[in-house]
1. Could you tell me the ratio Rg/Rh of region 95-186? Both radii from Cα atoms, Rh via Kirkwood.
2. Take every DSSP beta bridge with both residues inside the chain and express the antiparallel ones as a percent of the total, to the nearest 5.
3. Tally Lys/Arg at +1 and Asp/Glu at -1 over every other residue whose Cβ is under 14 Å from the Cβ of residue 357; what's the total?
4. Taking the Cα-to-Cβ direction at residue 118 and at residue 348 and moving 7 Å from each Cα, how far apart do the two end points lie in nm?
5. Once the other residues with Cβ under 13 Å from the Cβ of residue 266 are scored (Lys, Arg +1; Asp, Glu -1), what is the net sum?
6. Out of the total accessible area of the chain (probe 1.4 Å, heavy atoms of protein only), what percent is carbon and sulfur?
7. Work out how much length residue 77 to residue 111 would gain on full extension: take 0.36 nm times their residue separation and subtract the Cα-Cα distance, in nm to one decimal.
8. Using alpha-carbon positions, what is the distance between the centroids of region 183-219 and region 319-349, in Å?
Amino acid sequence: MDLKFLEKLNILKNPMMMFFPKKMVGVDIGTASIKVVEISRWGQGKTLENYGEIKSSSLYKEPFRNVNKGSYLLSNYFVSRAIRAVLDEARIKTKAAIFSIPDFSTFCTSFDLPPMNANELKDAVYYNASQYIPLPISETTLDWKLIGGTPGDKQSSLKIFLVAIPNQVIQDYQTVAQLAGLELYAVEAEVLGLVRSIVKEDKGCTCMVDIGVQSTTINIVEKKVLKKSYSFDFAGSQLTYSISSALDLGHTEAESLLTKEGLTSAKEEVSKTLYLLVDPLIIEIRNVLSDFYQQEGKEVDRIYLTGGTSGLPGLREYFEEVLKKKVEISNCFSEILCPPILTDSLEKMSPSFSVATGVALGGLEV
């Protein structure tokens, strides 16, 4: 996370906050639930202090987000009330918070620049950004990283990874944070939080597949650096809806069946329906991996599944069988200290908390 990015957002209320805050709250406002994580840092060690989740169905009839609008379906007031309820229930007292921004509210791309010196790079990025961002640059806040090449080397072209966030989205988050009694330390694209919480090894190429309730992202990471990010319409909620329709079940009953049996279901109608829905996603993953190999000449070593749908019984094994790659369910808590009694439950919950954990960890690195 770039301090210049934080400064541009004008959300560092206290200049002393940038000097390694001891505790940070990560907030992930998803479509169907809000996840909150509080992490502390002591030296190089990280400790899980508290965590909590609240589902929109427990409070309201509608989800927290609508992907078609790319923003909140409910008012900022109701979203902030839900966050406040989580904070109170989990007894989280820390005020400094980083909010994640979903893929459908951000624009991520990578592009090449010709050889140039480091002091020319920033202006070149902002000058070229307008070619890749579908909104006026004046209406967005930009963050970028150099992911390839060496400034000053006349033989080296430069590769830039760019993230653009609409200013209106940032203003919404500022309002929500204030109403929830939090101090907005920063906002961050959720994919960057995922990289931080999931990819532990600084070598090789990794693919992260984040299967959310309303959309899925496929991301390529090399040596902990995000190289490619793609967003698709595949939604975990489609699986529940299809099972509900196929078996004439209520939403809750269909979701329970999906969670318990998934692709391993003995009911042929269930497994057949799920395979038909999952196969197009596998095709997309295969295409992304193939494109990356053609462009970079590098093979992806392993695939991490994350997001609430990633724990679907039989999904990991099916991906591994078809894609011929090592496939793992992400565990964002694997390197964070926590009570041993919670280890098993946290590992099961981890895919849903990867984003909130990743953005919280980012605040402890600044």
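The values are calculated or read from the model by the stated rules, or taken from the named source; none is laboratory data. Predicted model, so just to flag it, every value in this text is computed and none were measured. Virtual Cβ from ideal backbone geometry, glycine too; neighbours counted across all protein chains shown. Keep in mind that these areas ignore ligands, DNA and RNA; they rest on the heavy atoms of the full protein, side chains included. Shrake-Rupley method; radii C 1.70, N 1.55, O 1.52, S 1.80 Å.
1. Details: Rg = 15.8 Å, Rh = 14.7 Å.
Taking Rg over the Kirkwood Rh, I get 1.08.
2. Numbers: 48 of 67 bridges.
Once the DSSP bridges in the chain are tallied, antiparallel ones form about 70 percent.
3. Values: positive: 23, 35, 41, 46, 196, 200; negative: 28, 38, 49, 53, 188, 190, 210, 335, 347, 365.
Once all neighbours under 14 Å are counted, the net charge is -4.
4. 5.0
5. On the way: positive: 260, 267, 272; negative: 261, 268, 269.
Net local charge, residue 266 excluded: 0.
6. Numbers: 8660 of 17410 Å².
That fraction is 50 percent.
7. Working: separation 34, 0.36 × 34 = 12.24 nm, distance 3.84 nm.
Extra length available between residue 77 and residue 111 comes to 8.4 nm.
8. Answer, in whole Å: 15.
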